[in-house]
Structures are given as structure tokens and as C-alpha cells.
Amino acid sequence: MSAAAQLLNLASMAGPTRAVKVVTGLLRMHARYFLVGRGRGLAKVLPLSTPMKIHVDPASGCNFRCFFCPQTDPSALRAAGVKAGVMKLPLLQKLVDDLAAFPSKVDELVFGNYGEPLLNKQIDEMVAYAVQSGSVREVSLITNAALLTKERADNLAAAGLQKVRFSVEALSDEGYLTTTKVKVAFADIVENIRYLHSLRKRPFIYVKIIDTGLSQEEKQKFFKTFMPISDAISIENLMPVTEEAAEIVGDNGKGMTGVSLSAGRAVCPSPFYSLSVHMDGDVGVCCADWHHKTGVGSLRDQSLKEIWNGEQLRQFRVEQLTKSWRNMDACAGCEMVNHYPVYEDLDRHRDGLVVSYS
Ligand code: SF4
């Protein structure tokens, strides 16, 4: 589905009285992507001397146990050697200091990937450090809102946080228990988001829920509840990243946002524009790498610029171009690769890109 068709699809789900706000909110949120970012065609801007997007996990764990998230399978995490813990402030400061060596600003630094960033007690200091560095155009955070007390909301807003992506997991107390395996009051989630939205100086607020089989009634409840306390809102699709989720999705995979997918793509675009920094400083190439297999360096003994321009990442990109992700051990079985929209397709540009990265 094209981006425009998906917008109309969401607008019709929201109903006539809310359609305009759904469309304008998402246009605001994605304007930069389409006007000056990868939405104009990733191949046109490669090779990049500065990464466009960096994910940072301030905490490797999560307070929820959602059935669709691989983070919730402790045995799989142990088997993959993923360490539990929180990022120390000096490591984050080193990461941010490293950004000054790049020729341009990083377009987006995102706190939160597979872990819940609010589990890190120093998250507001981390956000402030990143904002004040001047090396990042937008500092954002992904959270499930459960730990967003008023004090933390005040601190994050004061730190200059520019965008929050809230993941709402259900629409009732029972729904939260079923989905997250944790007792959560739905009213508290709503109140936490409402409070942040009420602040005079606050970040842009995006709220989404994953469609795990929502009824029409539930979809209406979602829009009715969260539209007044958000700037952009959406219902995203379930991704088949756990066995339980894969059973529900079956052969009907539509990608996370439902926007034009390239189901048969050979080259994954992510390593060409993004990095993902784990809580211990290990660096991978994408936000899909929950088992830390795409490692291309460590902040503990390298600068981010050395990693971005280093031999490990160069080889990783060349293998993408010449072998395809399907034949790379690090990417075997990846369910995210086809989620990246068509605007980021690199398959047709392989020959030229191999020369650029060789
Ligand atoms: S194919 Fe998947 S695991 Fe490999 S780099 Fe792309 S998103 Fe990451």
C-alpha cells in the first residue's frame, strides 16, 4: 500500500470526525522523511559520511513481557549472550561526544529499542546531554508510558526531548494483563500521556497501538482516548518476530506501518544509514537485531566515526550488496528487512554501490 493509501486507510478507521487530524498529524510527523530524508530515495544520498539515525538502548530489559516482543524470552536472550543492565551515563556521554567528529548532524537519535528506556534512572540527563550537544537534529524516545511519572515527564520535557513515541499495548486493564503479562491500570497509562501532553513546553507526541486483532470498537476507543492527547496517532501492524506473533500474522504480513513494502528485496537498507548502540556499548547496524548478531564494533574501544567508516561495517555493507541479507548469518531469518519502505530500496543500485563501498 502506498503511503497516501495507508493514510486514507487510517483516516477511515478513525472515522469522519477524526480523519483530518489523523492525516495532518502523520504528515507533520513524516514531513521531513519525505521532503529531505530517505523518503526521497535512499540510494540518492549514499554513501553517507554521517549516520542518519542512531538507536540507543539505555536499558536492555523491559518492565513488560509482551508476547510479540523477542525481548521477553529470557532463554533466547541468554542463548544469544545478551547482557542485562542499564547504560552508564559516561558511556552515553562518550557516544554523544563522538558525534561531533561527523561532518553533519545526525538526523535522529532515538532512546529505546528493545529495552524500556525509563528503566534507566539517568535517562533525563542522557536526553539533556544529547540535546545540548548540538550534534543531533532530533532527540526522541520510545516508551510504553508505564513508568512516566509526573516528575519524569517534567524532567524529560525540561531536558529538551523533542519527540516521544508511546507504545500503547491494550485498551483495558485485562488487555494489559493478557498482552504484557503485567498488572497495569489502563487509566494510569492514559494519565501519564495526558500529563506530558498538558505541559506548556513539551515534545511532539506520537501514540500507536499494534493491531493484535483489535475489534472496530477497540479501534474507535483507541482514537477517542488518545487523539486529544497526542500530535500524531496510528494503528500499526503486528510483526512476526516471535512464534506467537508469527502464528497470528500467518501469510498476511503487511509490515509495521503498512506502507509499501518490498517483499523480495535482496539488500537491507538499514546498515547504509543507521547504527544501533546497545547498553554495554556494543554497536550493531539496525533496530531489528535483538540478538546482537550484527555487531560492527564497540564504543568501549572505538569512536563512533571509526565504527561508521570501519572495515567491519564496510564488509557488512558489501556482503549485503553482493550476497544479500538472506545469505548472511547475522541476518538469517530477519523479519524486519521487508518492513523498510520502497523508498529505501537499494536492489537496483547494487552495482554502483558496490563500487562506492569497495
Ligand atoms: S536484514 Fe535484518 S538483521 Fe540484517 S541488517 Fe537488515 S534489519 Fe538488521
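Computed from the coordinates by the stated procedures, all read-outs in this text should not be read as laboratory data. This structure is a prediction, so every number in the text was calculated from the model and none was measured. Cβ atoms come from the backbone with ideal geometry, glycine included; neighbour counts cover every protein chain shown.
Determine, yes or no, whether Leu313 is within 15 Å of the ligand (Cβ to nearest atom), under 23 Å from the mean Cα position of the chain (by Cα), assigned to a helix (DSSP H, G or I) and touching a residue at least 12 places away in the same chain (Cβ under 8 Å). Steps first, answer last, please.
Working: within 15 Å of the ligand (Cβ to nearest atom): yes; under 23 Å from the mean Cα position of the chain (by Cα): yes; assigned to a helix (DSSP H, G or I): yes; touching a residue at least 12 places away in the same chain (Cβ under 8 Å): yes.
Answer is yes for this residue.
Hey, can you tell me all the residues within the range 169-191 that are crowded, with 18+ Cβ neighbours inside 10 Å, among the aliphatic types (A, V, I, L, M) and part of a helix (DSSP H, G or I)?
Result: Ile189, single match.
Output the residue which, of all residues in the range 324-351 that are in contact (Cβ under 8 Å) with a residue 24 or more places away in the chain and among the small types (Gly, Ala, Ser), is farthest from the ligand (Cβ to nearest atom). Spell out the reasoning first.
Within the range 324-351, the subset in contact (Cβ under 8 Å) with a residue 24 or more places away in the chain is 324-326, 329-331, 334-350.
Subset that is among the small types (Gly, Ala, Ser): 324, 330.
Numbers: Ser324: 9, Ala330: 6 Å.
Checking each candidate, the answer is Ser324.
Does Phe34 fit the bill of being aromatic (Phe, Trp, Tyr), in a loop (DSSP other than H, G, I, E, B) and either crowded, with 20+ Cβ neighbours inside 10 Å or in contact with a helix residue (DSSP H, G or I) (Cβ under 8 Å, 6 or more places away or on another chain) (or both)? So that I can check it myself, show each step before the final result.
Values: aromatic (Phe, Trp, Tyr): yes; in a loop (DSSP other than H, G, I, E, B): no; either crowded, with 20+ Cβ neighbours inside 10 Å or in contact with a helix residue (DSSP H, G or I) (Cβ under 8 Å, 6 or more places away or on another chain) (or both): yes.
Spelling it out, it is not the case that Phe34 is aromatic (Phe, Trp, Tyr), in a loop (DSSP other than H, G, I, E, B) and either crowded, with 20+ Cβ neighbours inside 10 Å or in contact with a helix residue (DSSP H, G or I) (Cβ under 8 Å, 6 or more places away or on another chain) (or both).
Sort out which residues of the range 263-310 are of a type in the set (Gly, Ala, Ser), in a loop (DSSP other than H, G, I, E, B), away from the ligand (no atom under 13 Å from the Cβ) and touching a strand residue (DSSP E or B) at 6+ places or on another chain (Cβ under 8 Å), and write them in order of number.
Within the range 263-310, Gly281, Gly310 meet the criteria.
Which members of the range 67-104 meet the condition of being assigned to a helix (DSSP H, G or I) and under 20 Å from the mean Cα position of the chain (by Cα)?
If we filter the range 67-104 for residues that are assigned to a helix (DSSP H, G or I), which is where we start, we get 70-72, 74-80, 89-99.
Answer for the range 67-104, where residues must be assigned to a helix (DSSP H, G or I) and under 20 Å from the mean Cα position of the chain (by Cα): Pro70, Gln71, Thr72, Leu77, Leu92, Leu95, Val96, Leu99.
Taking the range 192-222 only, how many residues are hydrophobic (A, V, I, L, M, F, W, C) and surrounded by fewer than 18 Cβ atoms within 10 Å (Cβ to Cβ)? Outline the logic, then answer.
First, pick out the residues of the range 192-222 that are hydrophobic (A, V, I, L, M, F, W, C): 193, 196, 199, 204-205, 207, 209-210, 214, 222.
Cutting the leftovers down to surrounded by fewer than 18 Cβ atoms within 10 Å (Cβ to Cβ) gives us 199, 204.
Of the residues in the range 192-222, 2 are hydrophobic (A, V, I, L, M, F, W, C) and surrounded by fewer than 18 Cβ atoms within 10 Å (Cβ to Cβ).
Quickly run through the range 132-168 and pick out the residues that are surrounded by fewer than 20 Cβ atoms within 10 Å (Cβ to Cβ) and either among the acidic types (Asp, Glu) or in contact with a Pro (Cβ under 7 Å, 6 or more places away or on another chain) (or both).
Glu138, Glu151, Asp154, Ala157, Gln162, Lys163
Among the residues of the range 319-357 satisfying the criterion of being in a loop (DSSP other than H, G, I, E, B) and in contact with a Leu (Cβ under 9 Å, 6 or more places away or on another chain), which is surrounded by the fewest Cβ atoms within 10 Å (Cβ to Cβ)?
Of all residues in the range 319-357, those in a loop (DSSP other than H, G, I, E, B) come to 323-324, 328, 332-336, 340, 345-346.
The next check asks that each one be in contact with a Leu (Cβ under 9 Å, 6 or more places away or on another chain); those that pass are 340, 345-346.
Working: Tyr340: 24, Asp345: 18, Leu346: 23.
It comes out as Asp345.
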